[in-house]
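So the structure is just underneath, and the comments pick up after that.
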Amino acid sequence: MRHDPSADDLICRILAGERVPLARAISQVENEAPDAVAILDACFERSGRAFRVGITGPPGAGKSTLVTRLAQAWRRRGETVAIVAVDPTSPFSGGALLGDRVRMGELSGDEGVFIRSMATRGSMGGLAVHTAQACDVLDAAGFSRILIETVGVGQSELEVAQTADSTAVVLVPESGDTVQAMKAGLMEIGDLFVINKADREGAERAAFAVRSALELRPGGAAWAPPVLLTVASQGTGVEEVLERFEAHLEYLRGLGGLDRRRRQRLEQRLRDLLRGQLWEEFQARVPADAWREVLASLAARELTPHDAVASLFARFGAPTGGPYADVEEGSEGS
Ligand SMILES: Nc1nc2c(ncn2[C@@H]2O[C@H](COP(=O)(O)OP(=O)(O)O)[C@@H](O)[C@H]2O)c(=O)[nH]1
Ligand SMILES: [Mg+2]
């Protein structure tokens, strides 16, 4: 692999536990810098030890607050903790939200904690791939617990949550939240459910609604997702969440489910990466005016979307395989 020799130095320092090069490496990964591949290759080999925990849910549910409390609780047990906040919709990277500002304050100065936010989507497979890659770097750097906070709205955020070994869905008592959660696909991905802000009216009712919704979940797996109440702002119930995460990890390890889950994650990542790269490569072959032309024909209903694909492949090179493999040069007839 040809890369800047300073990448080797960076890798050594990351593996030695230095923080500044760690932050730099994650930026390289996020920006798809030339050295990113060398860094990722070195880290990938050394990853797989950290327990990756996803925290997802609607904006304002208290995810950042809960993540802070969980980090503190894990620190008390001697674990080292990395936090990856993934929220392209949040101004965190610009002006921190309250929960994030509090977190920065409460966790700052602890060498065993590392906090990082990711916002850019990039090209090579997007947010989920970047998150998984950042987690590999953190994993190689020796953190034993990695908390991935992501807002549970939108497909790409769900994909981020699914890069974790275990995921908690955080909701609030207000009626309607569970309905929204079901619509957003959150009920399917939770291994744990947390009704935060249990200091408010209706927490028990919300927990009941979640439990009812979970009964409809297909599969009937041996792990029944617990539904827990917390007041994250006061730390109430946080130990219980931590216990259940650890129990879920034990459960996954015990039945060999962890390996299977991680293999599925890697497969998904491979697909995302391939999709991203194929798209990048193909896109680079198509001149802007040709692209505009095809779009105009589509909009005028002169071409169907399938015709448009066939035409683009015919003119700019089709992948060798798949349904368009037999498309001939010039067959678009113009
Ligand atoms: N009443 C109450 N407020 C909370 C609780 N947990 C967090 N909050 C507040 O809810 C707001 C949003 O919290 P934050 O952690 O930033 O939510 P996020 O958007 O899901 O990350 C902040 O003002 C928190 O202080 C809780 O258990 N009870
Ligand atoms: Mg947050």
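The values are calculated or read from the model by the stated rules, or taken from the named source; none is laboratory data. Nothing here was measured: the structure is a model prediction, and the numbers come from that model. FYI the Cβ positions are ideal-geometry reconstructions off the backbone, even for glycines, and counts take in every protein chain you see. Surface accessibility is based on the protein's heavy atoms, side chains included, excluding ligands, DNA and RNA. Shrake-Rupley method; radii C 1.70, N 1.55, O 1.52, S 1.80 Å.
Observations on the structure shown:
- Amide H within-cut-off set for ILE195, under 5 Å, with H built and near neighbours excluded: LEU171, LEU228, LEU229, THR230
- Where a label projected 7 Å from the Cα of GLN234 along Cα→Cβ would reach, residues of the range 189-227 with amide N under 16 Å: 195-204
- Compactness index (Cα Rg / 2.2 N^0.38 Å), the chain: 1.12
- Solvent-accessible surface ranking, highest first, for PHE44, PHE114 at 1.4 angstrom: PHE44, PHE114
- For the pair the range 249-281 / the range 18-52, the C-alpha centres are spaced 18 Å from each other.
- Accessible surface calculations at 1.4 Å, restricted to protein heavy atoms, place the chain at 49 Å² per residue.
- CYS12 - accessible surface, heavy atoms, 1.4 Å probe, Å² rounded to 10: 90
- Rounded, prolate or oblate (a/c below 1.5 giving rounded, otherwise prolate when a/b exceeds b/c) for the range 6-46 by Cα gyration tensor: oblate
- Top of GLY237, GLY176, GLY105 by mean-square fluctuation, Gaussian network on the chain, Cα under 10 Å: GLY105
- Of all the options GLY62, GLY202, GLY190, the one that moves most in a Gaussian network model of the chain with Cα springs shorter than 10 angstrom is GLY202.
- Amide H contacts of ASP165 (H built 1.01 Å from N, under 5 Å, at least 5 apart or other chain): ARG52, VAL53, GLY54
- Accessible-area composition of the range 259-301, carbon plus sulfur, in percent [1.4 Å probe]: 54
- Of the beta bridges in the chain, as assigned by DSSP with both residues counted there, near 5 percent are antiparallel.
- For the range 47-256, the share of accessible area belonging to carbon and sulfur comes to 53 percent (1.4 Å probe, ligands and nucleic acids excluded).
- Counting only protein heavy atoms and a probe of 1.4 Å, the accessible surface of the range 1-46 is 54% carbon and sulfur.
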